[in-house]
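**Q** What follows is a structure written as structure tokens; I'll ask about it next.
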Amino acid sequence: MRRFVHVIGLVTIALAATLTRAGGVVDSQAIRALASDALGEDGARAARATAALRAVGPLGLEVLIAAHKDVLQRGEADPRWARLRAAIDRVAAQRDAYASRLYWYTDLELAKAAARETGRPILSLRLLGRLDEEMSCANSRLFRSLLYANQEVSSVLRQRFVLHWQSVRPVPRVRVDFGDGRVLERTITGNSIHYVLDAEGRPLDAIPGLWSPRGFLAEVLRGEALSRQLAGLDKPNRASALLVAYDRSALETQTAWAAVAASRPEDALLLAPGEDDTPKARATGRPEALQAGAITATKMAMERPILSALATRLPLPEPATEGGWARIAETEAASVEFDPATVALIARKVASGHGGEEATVLEHAARLERTLEKLKRTVAEDELRNRFELQPRVRRWIARAGLADLDRLNQRVYAELFLTPNDDPWLGLAPDDAYAAIEKEGKRESR
């Protein structure tokens, strides 16, 4: 159990020193003691312990989970469950990390140092909101449930990647008060993207939006293979190898599109990817929230009712185009599978949303089954759009710029791909030419 201590955040050098022996290696006995303290009833002591465990890096999370296997097995039946779940989330920097067991860096420089130390590529997530909060953007919440909780995906990410996330901006929230004590709170707008980076933080590949567990796993493994292929090459040879890899992936995408299109040839004619970087569902001018939301089927299923209620007009995508993706997805939905760990997490979330209802076990089971079937259809549609429409555009951007600057690339992704540009503080929710008949158009600065 020899790993270097990463001192981050509020953890001081003096605290880190209590975890090390001569030579800077981790004192495993001290870490086990911290894992015990992290679940104690002394809040201040528990907070110091979780901060110290996070400073250790992924090992701190592993020790914390291993030390409390009994609590994890009993789950909510154990009175310590809530404290353990919160401690795991703080150490991992991810909400619901008890299910994923993934450790995320939130400082890219520390992630790069870990990548150089381990020889692994970085998988960097950009999102609206924070991954360690329940109300991050819709895509990132689905990542936690459908991807990170999947045991095979989790195993690959833990063993082969250094994980990092960074918030692009806060996620907008809408709170609907029904006036009778009931309140509905949701997030609106905002997509997420995973980048595969080398140890210097340079983008090698991009995985926009939500994919099925199997599709996402194939993409991250492709990124890992590319990172190995480019390792040790000088800049000109890296750029050439990157172009060759993208040409190969473009050919594979075209071949895959031909196979998919064969199932719905009449719809495929409407959706065929082009080279002009202007998909049919996009409109000119400043994008509005409904246009941005329509890029993602799963997110739109959650957000459309609220966005429609907020909008003064509905700039919906061309119906034939929108319906074409959905009809093709009907054929692909059968290949979307959720493993038992994922289903267990989804079931807990679904049950928590209907805790006050009088329902039998069979009724809860039927609701879960309907939820899973709808998720499979919308995930299949998202993956189709991401694979054949969005991902090829990002790959062309990276290829044209060589090893592009990550921040500049991400700005372009959010402005042109996700239609949520940084220069629009209202994220398309307050169009300049929409009359709301409200003072200041309803815009206020909260304090």
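**Q** Note down all Cβ pairs under 6 Å where the first residue falls in the stretch 192-208 and is over 14 Å from Ala111 (Cβ atoms), the second is crowded, with 24+ Cβ neighbours inside 10 Å and hydroxyl-bearing (Ser, Thr, Tyr), and they're at least six residues apart or on different chains.
**A** As it stands, the answer is Ser192/Ser140; Ala206/Tyr195, since those pairs meet every condition given.
**Q** Also: Which condition number does Arg158 fail, the rest of (1) over 15 Å from the mean Cα position of the chain (by Cα); (2) assigned to a loop (DSSP other than H, G, I, E, B) being met?
**A** (2)
**Q** With a cut-off of at least 2 residues that are in contact (Cβ under 8 Å) with a residue 24 or more places away in the chain and touching a His at 6+ places or on another chain (Cβ under 8 Å), name the helices (runs of 4 or more DSSP H) lying wholly within the stretch 40-98.
**A** Hits in the stretch 40-98: 43-56.
**Q** For the subset of the stretch 99-112 comprising residues that are in contact (Cβ under 8 Å) with a residue 12 or more places away in the chain and assigned to a helix (DSSP H, G or I), which member is surrounded by the most Cβ atoms within 10 Å (Cβ to Cβ)?
**A** Ser100
**Q** Mind listing just one residue for me: the one in the stretch 145-191 that is charged (D, E, K, R), under 30 Å from Pro340 (Cβ atoms) and modelled with pLDDT under 85 and, of those, surrounded by the most Cβ atoms within 10 Å (Cβ to Cβ)?
**A** Arg186
**Q** Looking at (1) among the acidic types (Asp, Glu); (2) at pLDDT below 90; (3) under 24 Å from Ala99 (Cα atoms), which is the only condition Asp27 fails?
**A** Going through the list (1) among the acidic types (Asp, Glu); (2) at pLDDT below 90; (3) under 24 Å from Ala99 (Cα atoms), Asp27 breaks only (3).
The values are calculated or read from the model by the stated rules, or taken from the named source; none is laboratory data. Only a predicted model underlies this, so the values are computations on that prediction, with no experimental measurement involved. Every residue, glycine among them, receives a Cβ derived from its backbone with ideal geometry; neighbour counts consider all protein chains shown.
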